[in-house]
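Please read the structure below before turning to the comments.
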Amino acid sequence: MSAAHDARSVVLLGSTGSIGTQTLDVIARNPDRFTVVGLGAQGTRIAELARQAVQYQVSQVAIADTTQAAVLRSTLDEQGGTGIVVTAGPHAAAELAASGADIVLNAMNGSIGLEPTLAALRAGSKLALANKESLVAGAALVKDAVQYPGQIVPVDSEHSAMAQALRSGQSSEVRRLILTASGGPFRGRSRAELHQVTVAQALAHPTWTMGPVVTINSATLMNKALELIEAHVLFDVAPDDITVVVHPQSIVHSAVEFHDGSTIAQVSVPDMRLPIAYALGLPDRIADAISPYDWGQPKAWDFEPVDDEAFPALVMARQALNASPWHPAILNAANEVAVERFRAGVIGFLDITDTVAGVLERADDFLAHRGPVPTTIADIIAVEDWARQQAGEYSGGSSTITGFDSPPVAGRH
């Protein structure tokens, strides 16, 4: 595949996942604008990774799983990719991210994505970010690594929508951010009606096709809690000035309310290729990234408040942000373990957020001898490990949130 001389070089981390494959689709349809120079992945889909590397003629592939390095090497050689460099190990993705590409798109899953995020920022690359943990767990480190305004461009659809709407005014003119949520499969149910929810029911999202962890996070609204934290970090807006609104049609992806009373919303059909294309193309838009919304058909859009009693994740997110820079990492790690325990049938659906609340209640004693902010990746790993251990042992049993349960503060109106 040939590319124009002024095409932007792209390193894509998490290339075999959903965001990664859609990113490659956007790039394939715009070969004069982008050229892929490196791919990174965990190493669980070697055949797909090798196919991608050969198709896009990359110079380097990085995988985390060292046991698959030889398999990847032989697979590349069989497909004609003998000149492609293979690196493997826990730091391989970060080394690739530090290579100086014009754009590093980080679509890795989990806290393993933080090190590559920091490496890309320190190398001066524009970071198209789809790795939640980088901002949820590592906000202090990420902020310290940013070298210029606009270096981080969000890829999540909600934060991309906010970024687009924010171009309509100055930051000093923003009253609040409006973060929309589909409501998941249990929208409208009371807490009492959620006691018997099954794993299969929690995995049946009405709008989006996502991985199992993200889908269950959507069912508990923990995904919105994490996105609230991300929005706070990305746009420097107080947690109390970020309002979450349930919008089941998933057409209005988020909005910004300005102090003159105007609200600017970003509207499009649900398709992740749009925020991906927006992040890659800035400051320009890529023509025909997706099909536009059909304004010729009569449709209704619904908006309703979140039921914080049934879905307390947003309450905890605001409290975690107000507690300390350490608490969001604890919230996220505890939730990861709770979701896995739910999927394994060890705990019930309501026990997911109960577990997170229980771990957060215990955090103050653990954090008593730590500094005001995390300063290294090792700091974050330590608190995450503690949170995961606590979540794995938590047996609350009451299905009621205690301790970490004061009501959220509404955004200004």
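In nm², what is the average projected area of the convex hull enclosing the Cα atoms of the range 8-130?
Details: hull surface 25.4 nm².
Computing the convex hull of the Cα atoms and averaging its projections yields 6.4 nm².
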Problem set entry | Reported label for calculated Cα Rg over 2.2 N^0.38 Å given [x] 1.04; [y] 0.97; [z] 1.19 | [y]
Problem set entry | the range 348-380 and the range 155-213: distance between their alpha carbon centers, rounded to Å | 24
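Please sort 291-304, 215-228, 32-45, 333-346 by packing, taking for each peptide the average over its residues of neighbouring beta carbons within 10 angstrom, highest first.
On the way: 291-304: 9.1, 215-228: 26.5, 32-45: 22.1, 333-346: 20.5.
Ranked by mean Cβ neighbours within 10 Å, highest first: 215-228, 32-45, 333-346, 291-304.
Which of rounded, prolate, oblate describes the range 238-301, given a ≥ b ≥ c as roots of the alpha-carbon gyration tensor eigenvalues and a/c under 1.5 marking rounded, otherwise prolate only if a/b is larger than b/c?
It is oblate, given that a/c is not under 1.5 and a/b is not larger than b/c.
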For this session: Tally the DSSP beta bridges in the chain and give the antiparallel ones as a percent, rounded to 5.
Result: 25
Problem set entry | Reachable lysines from K126, criterion Cα separation under 23 angstrom, eight or more residues apart if same chain | K143
For this session: Considering the options A62, S74, L118, tell which one lies farthest towards the positive end of the dipole of the range 8-130, charges being +1 on Lys and Arg and -1 on Asp and Glu at the Cβ, about the Cα centre.
Result: L118
Exercise. By a straight-distance test (C-alpha under 28 Å), which lysines pair with K299 as possible cross-link partners, with residues fewer than eight away in the same chain excluded?
Worked result: K224
For this session: Determine the relative contact order of the chain: mean sequence separation of Cα pairs under 8 Å and six or more apart, normalised by residue count, in whole percent.
Result: 14
For this session: Work out the length of the dipole vector of the range 8-130 about its Cα centre, built from +1 on the beta-carbon of each Lys and Arg and -1 on the beta-carbon of each Asp and Glu, and round it to the nearest 20 debye.
Result: 240
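I'd like the FRET efficiency for T375 and N322, computed as 1/(1 + (r/R0)^6) with the beta carbon distance as r and R0 of 25 Å, rounded to 0.05.
Numbers: r = 21 Å, r/R0 = 0.83.
For T375 and N322, the calculated efficiency is 0.75.
Rounded to the nearest 5, what % of the DSSP beta bridges within the range 8-130 are antiparallel ones?
Working: 0 of 22 bridges.
Percent antiparallel among DSSP bridges in the range 8-130 is about 0.
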For this session: Quick one: dipole size for the chain, taken about the Cα centre, charges +1 on Lys/Arg Cβ and -1 on Asp/Glu Cβ, in debye to the nearest 20.
Result: 560
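Throughout, read-outs are computed from the coordinates displayed, never taken from laboratory work. In this text the structure is predicted, and so the values were computed from the model without any measurement. We place every Cβ from the backbone using ideal geometry, glycine too, and count neighbours over all the protein chains shown.
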